[in-house]
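Participant: I am attaching a structure below and will ask some questions about it afterwards.
The values are calculated or read from the model by the stated rules, or taken from the named source; none is laboratory data. The structure displayed is predicted, hence computed values, not measured ones. Every residue, glycine among them, receives a Cβ derived from its backbone with ideal geometry; neighbour counts consider all protein chains shown. Note: areas computed on protein heavy atoms with side chains; ligands, DNA, RNA excluded. Shrake-Rupley method; radii C 1.70, N 1.55, O 1.52, S 1.80 Å.
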Amino acid sequence: MTTLRRPAVSAAEGAGMAAALAQARLGGERGEVPVGAAVVLDGRVIAGAHNETIALRDLTQPPEMVAIRR
């Protein structure tokens, strides 16, 4: 049987994922589809966003694009 190994995750990747998950939780608490995004630059989280498509009534603004614009 082959054992699968998980790839190593850097501290920056972990911080980015934690920020994205926190944003997703925030969106879910606000009645949105719980999707979050984070932008990491040079090992630091510099922006984050969550789904706001219901509140804004705009399906063209996914959290990834909103986070990039911030």
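Participant: Can GLU32 be described as among the acidic types (Asp, Glu), touching a strand residue (DSSP E or B) at 6+ places or on another chain (Cβ under 8 Å) and either part of a loop (DSSP other than H, G, I, E, B) or in contact (Cβ under 8 Å) with a residue 60 or more places away in the chain (or both)?
Facilitator: yes
Participant: Now, a different point. Restricting the search to region 57-70, which residues are buried (at least 17 other Cβ atoms within 10 Å of the Cβ) and within 10 Å of the chain's Cα centre (by Cα)?
Facilitator: Passing the criteria: PRO63, ALA67.
Participant: Please count how many residues of region 14-27 are closer than 16 Å to GLU64 by Cα and either in a loop (DSSP other than H, G, I, E, B) or of a type outside the set (A, V, I, L, M) (or both).
Facilitator: 4
Participant: Find the residue count for region 35-58, including only residues that are free of Cβ contacts under 8 Å to residues at least 12 places away in the same chain and farther than 19 Å from ARG70 by Cβ.
Facilitator: 1
Participant: Any idea which of (1) assigned to a loop (DSSP other than H, G, I, E, B); (2) open to solvent by 90 Å² or more (accessible area, probe 1.4 Å) is the one ILE54 doesn't satisfy?
Facilitator: Unmet condition: (1).
Participant: Here's something else I'd like to know. Filter region 1-16 down to the residues that are loosely packed, with under 15 Cβ neighbours inside 10 Å and either of a type in the set (Ser, Thr, Tyr) or in contact (Cβ under 8 Å) with a residue 12 or more places away in the chain (or both) and list them by number.
Facilitator: THR2, THR3, SER10, ALA11, ALA12, GLU13
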